[in-house]
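Notes follow the structure.
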Amino acid sequence: MADDAPLVEMTGVTKTYAGITALDDVDFLIRPGEAVCLAGENGSGKSTLIKLLAGVEWPDRGVIALDGLAQAAMTPTTAAAAGIAVIFQDFSLFPNLSVAENIAFGAELAEGARFYRGRRVREIAKRTLERVGVLMDLSAPVETLPVAHKQLVAIGRALASNARLIVMDEPTTALTEREVRALLGIIRRLKADGVAVIFVSHKLAEVLEVSERVVVLRNGRVVAEGPASGFDARSLTRHMTGRDLAETGPAPLLAGAPVLLKVEGLSKAGAFHGVDFTLRGGEVLGISGLLGSGRTALAKALFGLVTPEAGRVVLDGRDVPLGDPLRAAEAGIGYVPEDRLTEGLFLTQSILRNVAVGRVASHARGPFLDLGGLAAEARDWLARLRVKAPDAEAPVRSLSGGNQQRVVLARWLARAPRVLVLNGPSVGVDVGSKAEIHAIIADLAAQGLGVIVISDDLPELLATCHRILVMVEGRIVEDIAGAEATEEGLARRLAS
């Protein structure tokens, strides 16, 4: 580390919202060139701590010191001047501006530039990306970039503004294994250059790999802190949740289980080609591949959101019309999307309505709707999936990521599907909710459903799937029995 003096130090920080304590007497510090893993479940206080660092919120009690000087008032301007930058999950970039313009925007603003200086903008961007060893087309519009490159632009923008502390909130959620490796390499470069990093992630193995220290929050309090070498994924999970989580695996597949779903020769130009596989009742089938492998397009095609140009999808011996999600749902196929916020939920509507919407037709009584029966059924499914909500009439956006995912699952399960396609079932959820979602998957399979899990989270595939299909450049290249698969072997196959 470049310096042992704290860059930022919080002492006895407390923050409440409407009588609810988000942070309770929290001490936290970070030094230049240090990477700290800030771990905790949803609702543990991580987001509140980040808001305090960024100056968006001010604590009710306690002291925040920058470079040893206590701050009378912390504002976004104060935080930016101190070199504190937060990279949120959506990156907060200007999609219509170029890579160079996005990177240089903050620096130009800080310099008080009144007119656009194209050459200067490109110089700033080029120098900044060279600092982290990245080559990129500086003129490319950001909206055309893959997620991994957008993240690099966000990091570049922070560095161009002379960031001394970069907070990365769930930086690896949408990245493939290869892209995660590249990001961790960049974080090591930043540390060597004296830049401090706070790393917030639900993927425990990677945060331990890159962090010197770990701070664990639970219910707004620091419950564990120490060198990263003193933690492993199991102990970190125990501190975050307050309990040991059972290691689940797929239930044994019954011998002679009937074939539910048969996919034959499914093809879509530029996405996937000649895809063939079967799915049995009670089977959990994993499909994995790198970004661009065609896995998401295939998942959407099974549900009719993408129209294949050739091939068949056969459920219970009957052809499912292609390119028609309504008829796919009627045939018995359910689909839980990867991006639940934009594709899976009605965010301003109540939790109850988000579940009930899938069953409206079943509760029609002539020209009338049995609202009581509809609500009762929805509440029953919320209870079955243990959705933690103080009020089912509250907007679904008020829930944590794990509970939002359960709401989407409840909506589909209420329709009694025969096959359920789960695209990234635990993306963006905390470790406790992830284990519970895996248990739900195992329970569904035990009831005879066919479940397809689309994921590049290798431990998730190993924990849930009877078989795993590997996709490369739009084709299924390998069919691996889950009992024979290892994380190292899968990673090697995906990268080949």
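The values are calculated or read from the model by the stated rules, or taken from the named source; none is laboratory data. It should be emphasised that the depicted structure is a prediction, and the values quoted were computed from it without experimental measurement. Using ideal geometry, Cβ is built from the backbone for each residue, glycine included, and neighbour counts are taken over all protein chains shown.
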Within the stretch 80-123, the residues that are of a type in the set (A, V, I, L, M, F, W, C) and more than 26 Å from ILE30 (Cβ to Cβ) are PHE94, LEU97, VAL99, ALA100, ALA104, ALA113, PHE115, VAL121
Collect the residues in the stretch 454-467 that are closer than 9 Å to VAL284 by Cβ and either surrounded by fewer than 23 Cβ atoms within 10 Å (Cβ to Cβ) or touching an Asp or Glu at 6+ places or on another chain (Cβ under 7 Å) (or both), keeping them in residue-number order.
HIS466, ARG467
Touching an Asp or Glu at 6+ places or on another chain (Cβ under 9 Å) and modelled with pLDDT of 90 or more: does that describe ARG411?
no
Taking the stretch 421-466 and the residues there that are of a type in the set (Ser, Thr, Tyr) and within 12 Å of the chain's Cα centre (by Cα), the one that is modelled with the highest pLDDT would be SER455
From ALA18, ALA79, ALA73, grab the single residue that is without any contact (Cβ under 8 Å) to a residue 40 or more places away in the chain and surrounded by 20 or more Cβ atoms within 10 Å (Cβ to Cβ).
ALA79
Could you run through the stretch 262-289 and say how many residues are in a loop (DSSP other than H, G, I, E, B), surrounded by 17 or more Cβ atoms within 10 Å (Cβ to Cβ) and within 28 Å of the chain's Cα centre (by Cα)?
4
Cβ-Cβ under 7 Å pairs, at least 6 apart or on other chains, the stretch 254-278 side under 13 Å from LEU315 (Cβ atoms) and not assigned by TED's automatic domain parsing to the domain that holds ALA301, far side among the basic types (Lys, Arg) and surrounded by fewer than 13 Cβ atoms within 10 Å (Cβ to Cβ)
none
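Mind checking whether some residue in the stretch 333-340 is part of a helix (DSSP H, G or I), in the same structural domain as SER267 (by TED's automatic domain parsing) and more than 30 Å from VAL259 (Cα to Cα)?
Quick first cut of the stretch 333-340, residues part of a helix (DSSP H, G or I) only: 340.
Within this subset, residues satisfying the condition of being in the same structural domain as SER267 (by TED's automatic domain parsing) are 340.
Pick out the ones that are also more than 30 Å from VAL259 (Cα to Cα) and you get none.
Within the stretch 333-340, not a single residue is part of a helix (DSSP H, G or I), in the same structural domain as SER267 (by TED's automatic domain parsing) and more than 30 Å from VAL259 (Cα to Cα).
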Return a yes/no flag: does the stretch 383-391 have any residue that is over 21 Å from ASP276 (Cβ atoms) and of a type in the set (Asp, Glu).
yes
Give, as residue ranges, the strands (runs of 3 or more DSSP E) completely inside the stretch 1-73 that count at least 3 residues that are within 28 Å of ARG397 (Cβ to Cβ).
8-17, 20-30, 35-39
Taking the options SER211, SER235, name whichever one is outside the structural domain of ALA328 (by TED's automatic domain parsing) and without any contact (Cβ under 8 Å) to a residue 40 or more places away in the chain.
SER235
Looking at the stretch 123-147, which of the residues that are part of a helix (DSSP H, G or I) and within 16 Å of ARG189 (Cβ to Cβ) is farthest from the chain's Cα centre (by Cα)?
ARG127
Going residue by residue through the stretch 155-169, is there one that turns out to be more than 19 Å from ALA104 (Cβ to Cβ), out of contact with any Leu (no Cβ under 7 Å at 6 or more places or on another chain) and in contact (Cβ under 8 Å) with a residue 12 or more places away in the chain?
yes
